[in-house]
1. Which residue is modelled with the lowest pLDDT, if the candidates are limited to segment 58-73 and must be under 22 Å from Leu9 (Cβ atoms) and open to solvent by less than 60 Å² (accessible area, probe 1.4 Å)?
2. In segment 74-94, is there at least one residue being outside any loop (DSSP other than H, G, I, E, B), at pLDDT 85 or above and more than 27 Å from the chain's Cα centre (by Cα)?
3. Of everything in segment 2-32, what is free of Cβ contacts under 8 Å to residues at least 60 places away in the same chain and charged (D, E, K, R)? Give them in sequence order.
4. Name every residue in segment 1-29 that is crowded, with 17+ Cβ neighbours inside 10 Å and either at pLDDT below 95 or not in a loop (DSSP other than H, G, I, E, B) (or both), in order of residue number.
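The values are calculated or read from the model by the stated rules, or taken from the named source; none is laboratory data. Nothing here was measured: the structure is a model prediction, and the numbers come from that model. Note that we place each Cβ from the backbone using ideal geometry, even for glycine, and neighbour counts take in every protein chain shown. Areas reflect the complete protein model, heavy atoms only, side chains present, ligands, DNA and RNA absent. Shrake-Rupley method; radii C 1.70, N 1.55, O 1.52, S 1.80 Å.
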Amino acid sequence: MACLRMALLRRDGHAPSLFDLLDGARAYGAYTEDADTAAIRGLIYAPFAAYARAEHGLTAEVHGRLPAGRLAELLDAGQGGDGLRPQGDPPARPSRPPAGAATSYSSPATRTARSASATPPGTPPRPATRNSRSTSSPPSTPNAGSPSADAEAPRGTP
């Protein structure tokens with residue numbers, strides 16, 4: 001639906017809301033609901049193509065099983081868009097540390113939640129150290145298994 005809306009915005013300068021597009025597509029049977037859960041199932045292409053043609057004047061054709069070579073032929077023949085291409089490469093994403101690696105930033109809420117869950121009630125706070133943001137486990141508590149330790153909020157992952 002987002003792609004349809006973007007295509008309509010590009011072509012017409014305006015487009016229906018995503019909810020209006022969804023309602024229109026549902027009227028053509030492009031989306032159906034699961035009878036047991038009322039969840040909307042995935043897009044059904046043939047009714048969606050009929051909706052796009054009839055309501056928005058778009059050329060739409062469904063190809064059930066399209067080999068990669070045939071797709072390239074269709075694109076080379078000008079089907080599949082108006083030739084709009086990006087003017088440059090997208091900006092590079094900043095690299096991320098590997099999963100589980102220590103990071104140099106944590107939000108104040110995360111730090112508060114971490115320190116609250118790592119310190120049993122009545123225990124003075126630990127002094128901050130240079131490695132206080134490492135991914136290692138906090139030291140074990142001397143009263144582990146006691147009712148106050150069991151009542152602690154579970155530790156979340158950042």
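1. Ala60
2. Filtering segment 74-94 for residues outside any loop (DSSP other than H, G, I, E, B) gives 74-76.
Next, only the ones that are at pLDDT 85 or above stay: none.
Scanning segment 74-94 turns up no residue that is outside any loop (DSSP other than H, G, I, E, B), at pLDDT 85 or above and more than 27 Å from the chain's Cα centre (by Cα).
3. Pass one, segment 2-32, residues free of Cβ contacts under 8 Å to residues at least 60 places away in the same chain: 2-9, 11-32.
Those that are free of Cβ contacts under 8 Å to residues at least 60 places away in the same chain and charged (D, E, K, R): Arg5, Arg11, Asp12, Asp20, Asp23, Arg26.
4. Met1, Leu4, Ala7, Leu8, Leu21, Gly24, Ala25
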